[in-house]
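Contents: one structure, followed by commentary.
Rule-based calculations on the coordinates, nothing more; no lab input. This structure is a prediction, so every number in the text was calculated from the model and none was measured. Reconstructed Cβ throughout: ideal geometry from the backbone, glycine too, with neighbour counts over all protein chains shown.
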Amino acid sequence: MTAISIIGTCGMAAAIGGLAARAGHTIEVVARDPAKGQVLAGQIGTGATTGPIGAAPVGDLVIVAVPYPAVLDVVKGYGEGLSRKILVDITNPIKSDFRGFLTPEDSFGAREIAKVVPADAHVVKAFNTQNSDVLVAGSVEGRRLDYSSPATTRRRGRVSAFIDSLGLRPMDAGPLTMAWTLEHACMLVLGLLTHSVKHPNFAIGINILG
């Protein structure tokens, strides 16, 4: 099993942490507010620990689960503490009115994160197109949820294996440039939620025919 560090205490941090703990992974929760970190670690259970923000994460695989407006400062604060780590970026750089993105027009969130981490860190985009309630629900009618994971290098294979261990279906979407598409896919999800489906209990997936 893998040592996982989760930066943040949002609903997705809780959902991923809970699934990972049940799959036998070792979990470290890192939070600006130590009390919130302790609460989440207790919620995850199975020996989950807490760590101070800014200290080198224990896990080789680091889930970045903070709001996008804060993520660059948070990541930069670790400096060389993220050297050789695999960072799983679950953020979505979407404006609060859902009418655009917070990133430069020629870039995307995962690329902006990759710019500020050590050169030997590896950024992977995943988990950004499903909400936490759907993630916790897991399979639907016997079918596993789909999670795409584009990355800078072949390290996305490590993330795919992690996703598979959670009982989900990993889908390799190619290099990190595909994260742009996944971030736009989240905008599609928000549009469907707001204008069509009207509730968060749905997921976008892939049917493989034949």
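Under 5 Å between amide hydrogens, built in the peptide plane, is the criterion, and for Phe127 it picks out Ser148 among residues at least 5 positions away or on other chains.
Please return the longest stretch of the chain lacking exposed loop sites, where GluC sites (Glu not before Pro) count only if DSSP places them in a loop and at most 10 other Cβ atoms lie within 10 Å.
Excluding the exposed sites themselves, the longest stretch runs over 1-104.
In terms of its C-alpha gyration tensor, the chain comes out rounded, because the ratio a/c of the largest to the smallest axis stays below 1.5. Loop-located chymotrypsin sites (Phe, Trp or Tyr not before Pro) in region 51-133 (DSSP state not H, G, I, E or B) with no more than 14 neighbouring Cβ atoms inside 10 Å: Phe98.
Looking at region 156-210, what % of the alpha carbon pairs are farther apart than 16 Å? Let's see the in-between values first.
Numbers: 869 of 1485 pairs.
Cα-Cα pairs of region 156-210 separated by over 16 Å account for 59 percent.
Sites counted here are trypsin sites (Lys or Arg not before Pro) in a DSSP loop (not H, G, I, E or B) having no more than 12 other Cβ atoms within 10 Å; the longest part of the chain that contains none of them is 1-83.
Quick one: which of Lys85/Lys115; Lys36/Lys95; Lys36/Lys198; Lys125/Lys198 span more than 22 angstrom between C-alpha atoms? Where the Cα-Cα span goes over 22 Å, the pairs concerned are Lys36/Lys95; Lys36/Lys198; Lys125/Lys198.
The Rg/Rh ratio for region 1-101, using Cα coordinates for both the radius of gyration and the Kirkwood hydrodynamic radius, is 0.97. A simple spin-label model places pseudo-atoms 7 Å from Cα toward Cβ; at Thr177 and Ala35 they are separated by 4.8 nm.
In the distance distribution for region 32-154, Cα-Cα pairs more than 18 Å apart total 60 percent.
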